[in-house]
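The values are calculated or read from the model by the stated rules, or taken from the named source; none is laboratory data. Note that the structure is a prediction, hence the values are computed from the model and not measured. Here the Cβ positions follow ideal geometry from the backbone for every residue, glycine too, while neighbour counts run over all protein chains shown. For accessibility, only protein heavy atoms count, side chains too; no ligands or nucleic acids. Shrake-Rupley method; radii C 1.70, N 1.55, O 1.52, S 1.80 Å.
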Amino acid sequence: MAKDRMEIDLGISATAYGIGAGLFFLTYALSEIPSNLIMHRVGARFWIMRIMITWGLLSACMSLVQGEWSFYILRMLLGIAEAGLFPGVIYFITQWFMVKDRARANGFFLLGVALANVIGAPLGGLLLTMDGLGGLHGWQWMFIIEGIPACFLALVVWKMLPNKPSEAKFLTRAEAEDLEARIAAEESAGAAAAGNSKLRHVLKDKQILLVVAIYFTHQIAVYALSFFLPSIIGTYGELTSVQIGLLTSIPWLFSAIGALLIPRLATDGSRSRTVASASMVGIVAGFALGAIGGPVLGLIGFSIAAFNFFALQPILFTYPATRLSGAALAGGIAFVNTVGLFGGFLGPYVMGLLEEITGNKMSGLWFIVIMCAIGAVLTLKLRRGTEDPSKASVSGH
């Protein structure tokens with residue numbers, strides 16, 4: 001939402017914007033595994049609170065950007081601050097849900113991402129209209145106001161989030177012990193079947209490397225759309241910032257629907273593979289339509305792609321949890337997210353570079369189509385640690 005205004009007010013080029021958008025993911029990725037290993041030791045309650053406070057404050061500090069270098073530095077610091085939130089929550093979910101329910105639980109978590117975009121895009125457009133108030137640009141007000149809620153919600157996390165079932169007040173002691181035993185047995189069965197017992201085994205597991213490659217192509221698509229959709233919509237005609245924000249929210253509304261409806265279908269290995277493949281094909285088709293269609297067909301295409309974003313992502317993160325356990329699982333989930341997030345750097349960078357070379361904001365979309373087509377082919381090879389580890393874990397328990 002701030003891209004075009006920052007280019008005008010600060011002289012930041014499209015390429016520099018793409019670099020800054022991507023630098024966030026480099027520091028984010030490099031900090032992911034250490035962050036998740038720390039959370040494994042200190043607990044989700046404290047560590048997620050810490051992430052949210054530093055993340056919120058640095059988001060607000062984006063209002064202090066003066067040029068390209070301050071933009072780059074704050075983006076890198078923001079990446080370090082946020083690192084570990086997504087893989088940390090995904091790891092946290094593995095401590096509470098059996099394999100058959102995890103894709104659905106992950107989908108509910110990612111529903112928050114989708115709804116944030118639905119609400120955040122129009123809100124950002126509205127905040128941009130505050131230009132000049134108090135001597136600040138509208139984009140500065142946007143960063144300040146949108147950064148503050150994370151700090152306050154961090155206190156809610158500290159007060160209400162139990163680290164594990166045995167700390168939950170809403171479970172009896174017997175219920176908590178039973179749940180923890182079932183999950184531990186299920187993890188052990190999957191890790192034993194895959195031959196993984198230590199973090200270093202992640203690098204040798206072809207299935208986890210396959211998930212990494214698919215997630216890499218997925219993240220290229222997600223973040224290219226996140227960072228460039230408002231400016232693409234801006235080419236559709238003479239639109240106000242509020243109108244651009246409202247139109248930007250439409251694809252993310254469909255992503256919320258996808259997160260709510262599709263992951264629950266992935267209850268076993270075969271269904272997970274089928275849904276993952278169909279979702280990647282949907283992303284390819286959506287971006288292709290967005291590239292060749294006008295304002296109406298283009299927005300329909302982006303909505304189709306976004307519908308499949310969070311249909312796929314919750315499923316991909318169920319695979320490491322069927323092949324790893326303990327600290328190796330925490331580090332393995334972070335590893336998948338770490339390498340995958342380099343796609344978050346590549347997507348915005350290529351979109352910005354091709355826009356500057358060609359002068360066409362749509363030119364980078366075909367790069368996304370090609371990368372996601374590769375990802376779609378790779379999904380056909382996905383396999384879990386055991387196709388149904390729950391049977392082994394239940395009998396073992």
Original post:
To the nearest 0.05, what FRET efficiency results for LYS204 and ILE145 with a Förster distance of 45 Å applied to their C-beta separation?
Top reply: 0.45
Original post:
Can you give the accessible area per residue of the chain, in Å², using a 1.4 Å probe?
Top reply: 41
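Leaving ligands, DNA and RNA out of it, report the carbon-plus-sulfur percent of the accessible area of segment 112-267 at a 1.4 Å probe. Don't skip to the answer; put the middle values down first.
Details: 5150 of 7620 Å².
Reported share for carbon and sulfur atoms: 68 percent.
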**OP:** Pick out which of GLY359, GLY326, GLY56 has the largest mean-square fluctuation in a Gaussian network model of the chain, springs linking Cα atoms closer than 10 Å.
**Re:** GLY359
Original post:
When all C-alpha to C-alpha distances in segment 230-310 are sorted into bins of 10 Å, what percent of pairs does each bin hold, rounded to whole numbers?
Top reply: 20, 43, 25, 10, 2
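Can you give me the relative contact order of segment 212-346 as a percent, contacts being Cα pairs under 8 Å and 6 or more apart?
Numbers: 151 pairs, mean separation 51.6, N = 135.
It comes to 38 percent, rounded to a whole number.
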Original post:
Using only the Cα atoms of the chain, what do you get for the radius of gyration and for Dmax, in Å?
Top reply: 20.9, 67
Original post:
How many nm is it between the label spots at THR240 and ARG173, if each spot is 7 Å from the Cα in line with the beta carbon?
Top reply: 6.2
Original post:
So which residue, out of THR240, THR318, THR15, gets the largest mean-square fluctuation from a GNM of the chain using Cα contacts under 10 Å as springs?
Top reply: THR240
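Which pairs break 26 Å Cα to Cα here: LYS164/LYS206; LYS361/LYS381; LYS204/LYS381?
On the way: LYS164/LYS206 30 Å; LYS361/LYS381 34 Å; LYS204/LYS381 16 Å.
In this structure, LYS164/LYS206; LYS361/LYS381 lie more than 26 Å apart at Cα.
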